[in-house]
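**Student:** Below is one structure. I have some questions about it.
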């Protein structure tokens, strides 16, 4: 059961203006939150207000506006950090989770070239472990790192039902494992992975453990420390926040050791013509003028998420997700991917409609006002593993309702008939 | 934009009929891939003995109904054309697809392919409709290069 009363649900929906749009003459049913979540008005309003009244240079200038902007920016970081159980200096702002992962991989490439610091170096024959269920963002940066260093990618298998077990990860760990990079929740399968157990195994072998938390942040309580990882990455735009900003969380130790990648202003202490000294994290990873309004908007978004209650949101999405899963599963000739039993799931289900290509499925759904994701969802290898080229995905947010689920299931039930398959 | 503008019955039929489906060995196949959706299509243009006209389009691939129907309709409408005719035919088709609904394909000139006119209103689907045509043009270039 969803913890939200109909009145609460209506109040949440009123906060997201896009939900009052019509698509193809139907009220919008937004089921693409896993790609990008809608934004609450309060966050966009505050961001606009801030941009109009408080735009100024952060960390420079002695004038009042600059001081106010600096204070607001620091406060934003502190409140985003608090939301994910981090300390502010452990939270590095990036463009998005993709950039966060790239920063780690690039730091390792740079360290490998000069042979230090040891924790970040890779040698030929060293191994990088990922799972079969990774998003391209948590695969390709590692492929490039492997290509540059002579390291090897090892892939932890999932079961046919899409489950990633700690044992499966263990089966590919060796004394050469230097990185273990896994997703907390696959963006295709929606299954919650046993990240803590995987991270413990990875760290026990001396590997750096990287967790992609994009699909779990803001759809459940994200407490970065509890993963037991070295790094956790996430994006604001999948947490009801703005595009253009994301985060790299790292333990204090690992961020202190990690070499700088991008350099320039704002990250330095002393600068001479031939060398410079850098500020500690997070500043040493944030050269240039920061993402001021995005940080303000993201922080305000998370205040709103907190006011609704992140545990209530998780409960709501999980309960509704079960209805969605059952509804889709009951449609003949529709095959859900990731049907493992006895696992926890987020409110997300991907499926193939027999005889109808996902693009056609998505186009038909759109004609009924339903926004779904179609394609390979930036997970081509996973789709190959599942024996399909692409799929259609429904994903839920705090604003999703039982009506949304009913409309989506009803429309999906008519797809095959429209394309002459029934 | 009505869904039936996009999915005319002719398109749904050709999605299943797939005229020209099946590649024979030899010739100069062109493989095209649409990275946004993962659709793939390989097509070989076969020329007449004197090299002046298109004797057959052979293709295989997987993709949405628009990409499959477009390949099938091209094979049924453009087989037998001279190479010069086909080039202008393909240019006209491309212009219509990219017109955002402002250019309709005439039935007199394009026959059943006119059913694809609606695609141009769905910008995200234009690439689907063009996949086989890009492959055909590429296969023709490869064929010609081999003759020089």
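**Student:** What average count of beta carbons from other chains do you get within 10 Å of the Cβ of residues in B:125-133?
**Tutor:** Counting Cβ atoms of other protein chains within 10 Å of each residue's Cβ and averaging gives 1.
**Student:** Take chain B, drop everything but the C-alpha atoms, weight them equally and run the Debye formula without solvent; then report log10 I(q)/I(0) at 0.19 Å⁻¹ to two decimals.
**Tutor:** Reported log10 I(q)/I(0), two decimals: -1.12.
**Student:** Using the Kirkwood formula on the Cα atoms of the protein assembly as shown, what hydrodynamic radius do you get, in angstrom to one decimal?
**Tutor:** Taking the inverse mean of 1/r over all distinct Cα pairs, the protein assembly as shown comes out at 26.0 Å.
**Student:** Let me ask another. Which whole-number percent gives the relative contact order of region A:48-305, counting Cα pairs below 8 Å spaced six or more residues apart?
**Tutor:** Averaging sequence separation for qualifying contacts and normalising by length gives 22 percent for region A:48-305.
**Student:** Mind checking the mean number of beta-carbon atoms from other chains within 10 Å of the Cβ atoms in A:363-370?
**Tutor:** 3
**Student:** Can you say what percent of the DSSP beta bridges in region A:48-305, counting only those with both residues inside, are antiparallel? Round to 5.
**Tutor:** Rounded to the nearest five, the antiparallel share is 40 percent.
**Student:** Taking all pairs of distinct Cα atoms, average 1/r, flip it, and tell me the Kirkwood hydrodynamic radius of region A:48-305 in Å to one decimal place.
**Tutor:** Value: 18.8 Å, from the Cα pair sum.
**Student:** Give the angle, between 0 and 90 degrees and rounded to the nearest 10, that separates the Cα long axis of helix A:64-83 from the longest principal axis of the Cα atoms of chain A.
**Tutor:** With rounding to tens, the tilt is 60 degrees.
**Student:** Please report the antiparallel percentage of DSSP beta bridges with both residues in the protein assembly as shown, rounded to the nearest 5.
**Tutor:** 65
**Student:** Computed from the mean reciprocal separation of all distinct C-alpha pairs, what Kirkwood hydrodynamic radius does region A:52-198 have, in Å?
**Tutor:** Kirkwood radius, region A:52-198: 17.7 Å.
**Student:** Relative contact order of region A:22-142: what whole-number percent is it, with Cα pairs under 8 angstrom and at least 6 residues apart?
**Tutor:** Reported relative contact order: 12 percent.
**Student:** Additional query: Binning every alpha carbon pair distance of region A:90-171 at 5 Å from zero, what are the percents per bin?
**Tutor:** Final binned percentages: 3, 15, 21, 20, 20, 14, 6, 1, 0.
**Student:** Please list log₁₀ I(q)/I(0) at q = 0.08 Å⁻¹ for region A:169-328, using the Debye equation with identical point scatterers on the alpha-carbon positions.
**Tutor:** Computed log10 I(q)/I(0) values: -0.31.
**Student:** Do me a favour and compute the ellipsoid semi-axes for region A:133-258 from its Cα gyration tensor, root of five times each eigenvalue, largest one first, whole Å.
**Tutor:** Each semi-axis is √(5λ); the values are 22, 18, 15 Å.
**Student:** Let me ask you something else. Helix A:195-204 sits at what angle to the longest principal axis of chain A, using alpha carbons and giving 0 to 90 degrees rounded to 10?
**Tutor:** Taking the Cα atoms of chain A, the angle to A:195-204 is about 30 degrees.
**Student:** Calculate how steeply helix A:41-54 sits against the longest principal axis of the alpha-carbon atoms of chain A, using the helix alpha-carbon long axis, and give the answer as 0 to 90 degrees to the nearest 10.
**Tutor:** With both axes taken from Cα atoms, the answer is about 30 degrees.
**Student:** Mind sorting B:67, B:99 by how few other Cβ atoms lie within 10 Å of their own Cβ, fewest first?
**Tutor:** Ascending Cβ contact count within 10 Å gives the list B:99, B:67.
**Student:** Continuing with this model, one more query. When the Kirkwood radius is taken over all Cα pairs of region A:258-413, what Stokes-Einstein diffusion coefficient follows at 37 °C and 0.692 mPa s, in µm²/s?
**Tutor:** For the chosen part, D equals 172 µm²/s.
**Student:** Treat the count of other C-beta atoms within 10 Å as a stand-in for reagent exposure and order A:364, B:110 from fewest to most.
**Tutor:** B:110, A:364
Just so you know, all these numbers are worked out from the coordinates, no wet-lab data involved. Given the structure is predicted, the values throughout are model-derived calculations rather than measurements. We place every Cβ from the backbone using ideal geometry, glycine too, and count neighbours over all the protein chains shown.
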